[in-house]
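FYI, it's all coordinate maths here, none of it is from the lab. All values derive from a computational prediction rather than experimental measurement. Glycine gets a Cβ as well: all are built from the backbone with ideal geometry, and neighbour counts include every protein chain shown.
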Amino acid sequence: MNPKIYLAPMSGVTDLAFRLISRESGAAHCFFEMLDAKATLYGHPGNKRLLKTLPKDLPIAAQLVGADPSVMLEAAEKLLAFVNISLLDINSACPAKKVIKKGAGAALLKDTPRLGKMVKSLADKLRIPVTVKLRTGFNRRDVAACARTAAICEANGAGSLFVHGRTMSQGYSGDVDYESVRAAKEAVKIPVFGSGNIFDPQMAKKMLDETGCDGITVARGALGNPWIFKNIENYLKSGAPSETPGLSAKKSMLKKHLSYIEKYKDISSDDKLGFMGKVAMWYLKGLYNASRIRAEICRVRSYRELIRLIDRQK
Ligand SMILES: Cc1cc2nc3c(=O)[nH]c(=O)nc-3n(C[C@H](O)[C@H](O)[C@H](O)COP(=O)(O)O)c2cc1C
């Protein structure tokens, strides 16, 4: 069986430009950036920007964050009326304080009856699969509790699970808990995807081998490194070593990525240039003179100037 390799949802990162670059480089499936259920329901203008897509940006999933099952359902129904999504994911993993305070994101891990109710209300009504993004726990590691949460999601109608192998309090650092991800996988019959520290094909294989998961989602490993999708696929198929892009391949991929941002991102030109600088550093950070380039990028005043700066790098 070929494991599925998806691009993970990342707020502030996986915009249309990022998804197009990832798809052209082998990502089988992508997510929109996370959407707040209330903002979706009440038509916050920022949401329209997050939902920008193209016919070739398929298959695509949407992820909602919220605490109230009925608001989540109404938001999901509204979303389905105007975007063609493959699945609707419930975020039960976000560690941001403002999200936790509202009882949403990873806070749902502490209130599994509410999480179960939310899954059920969406799964009963929506015509597409409802999935759940989980972490392995809230504050502390508890392998059995992680398995129970996965089983609750399945029993209430979840179609797949995406499990980030860290607790909420670990944030994005620290060891990945493969045992808990495996326990979640073994507790259910629906497909389970593992995520956490998939920075190269070897780490992808480790996740699959140690957890028995059906697929993986690649997150930070894809920043400035869209080659990771094909590299993982080739490594899993034949053990082939990764293709390491040289500077000129990096520069052309980066310029293509920036051209998509220029074309598709609807934000002010100052914000766009700042965002492009961040993206440029993902691609260029390994260079010996990266800190000088960073300083130069900060001084750039236009898209054209940024492209000229990239062209000058040797
Ligand atoms: C900048 C950033 C934003 C993220 N935003 C989301 C999000 O909106 N929804 C979500 O489910 N996970 C989000 N994640 C978590 C990733 O999807 C992934 O599960 C996590 O980063 C672990 O994978 P990694 O260690 O390979 O990066 C985000 C991660 C990062 C780094």
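Brief remarks follow.
- Label-point separation in nm, Cys298 to Lys272, each point 7 Å along Cα→Cβ: 2.4 nm
- Estimated distance in nm for a label pair at Lys56 and Ser169, the labels positioned 7 Å out from Cα along Cα-to-Cβ: 4.7 nm
- Percent breakdown of C-alpha pair distances by 5 Å bin, ordered from the shortest bin, for segment 200-314: 2, 10, 20, 19, 15, 12, 10, 7, 4, 1
- Helix axis angle, 201-211 relative to the chain longest principal axis, alpha carbon, degrees: 10 degrees
- With 10 Å bins from 0: P(r) over segment 1-158, alpha-carbon pairs, percent: 11, 40, 36, 12, 0
- Calculated from backbone phi, Karplus (6.51, -1.76, 1.60) coupling profile of segment 69-75 in Hz, x at Gly/Pro: x, 6, 5, 4, 5, 4, 5
- Gained length - His44 relative to Lys255, 0.36 nm times residue gap less alpha-carbon distance: 72.8 nm
- The convex hull defined by the C-alpha atoms of the chain has an orientation-averaged projected area of 15.7 nm².
- Within the shell defined by Cβ-Cβ distances under 11 Å, the residues around Leu16 carry a net charge of +3, with Lys and Arg each +1 and Asp and Glu each -1.
- The Glu210 and Ser11 beta-carbon pair, evaluated with R₀ = 30 Å, returns a calculated FRET efficiency of approximately 0.65.
- The chain - percent relative contact order, Cα under 8 Å, separation 6 or more: 15 percent
- Cα→Cβ-extended label distance, 7 Å offset, between Lys78 and Ala144, nm: 4.2 nm
- Residues considered: Arg301, Arg292, Arg19. Largest GNM mean-square fluctuation over the chain, using C-alpha springs under 10 Å, is found at Arg292.
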